[in-house]
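The structure appears below as structure tokens.
The values are calculated or read from the model by the stated rules, or taken from the named source; none is laboratory data. Small disclaimer: the values here were computed from a predicted structure and weren't measured. Counting neighbours? That spans all protein chains shown, and the Cβs are built from the backbone with ideal geometry, glycine included. These area figures cover heavy atoms from the full protein model, side chains too; ligands, DNA and RNA do not enter into them. Shrake-Rupley method; radii C 1.70, N 1.55, O 1.52, S 1.80 Å.
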Amino acid sequence: MPHFSASTIVLLVIVALLFFGPKRLPELGRAVGNTLKEFKKGTREMIAEEELHSPAQLEKENLEGKSSGGMER
């Protein structure tokens with residue numbers, strides 16, 4: 001991830017104020033925040049689903065099923 005100095009961040013804020021104006025900037029900040037939150041949520045869900053269906057997990061479930069299935073009659 002790139003490292004931004006304080007002067008770079010100040011310059012970006014000034015440019016954003018010039019492009020969008022002070023009234024619209026909070027709206028854009030909220031929209032970006034919500035977008036990032038939804039992206040992180042989707043990423044977490046994909047990772048959890050992938051772990052659920054991973055070959056190691058499926059093999060573990062198969063082994064557990066065979067060991068408990070043989071004991072029941």
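Computed quantities for the displayed model
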| read-out | value |
| --- | --- |
| Matching residues in segment 1-18 - criterion: being of a type in the set (A, V, I, L, M) and over 17 Å from Val32 (Cβ atoms) | Ala6, Val10, Leu11, Ile14, Leu18 |
| Output for segment 7-26, where each listed residue is open to solvent by 90 Å² or more (accessible area, probe 1.4 Å), outside any helix (DSSP H, G or I) and not charged (D, E, K, R) | Pro22 |
| Selection count, segment 27-51, where residues are open to solvent by 90 Å² or more (accessible area, probe 1.4 Å) and either in contact with a helix residue (DSSP H, G or I) (Cβ under 9 Å, 6 or more places away or on another chain) or charged (D, E, K, R) (or both) | 11 |
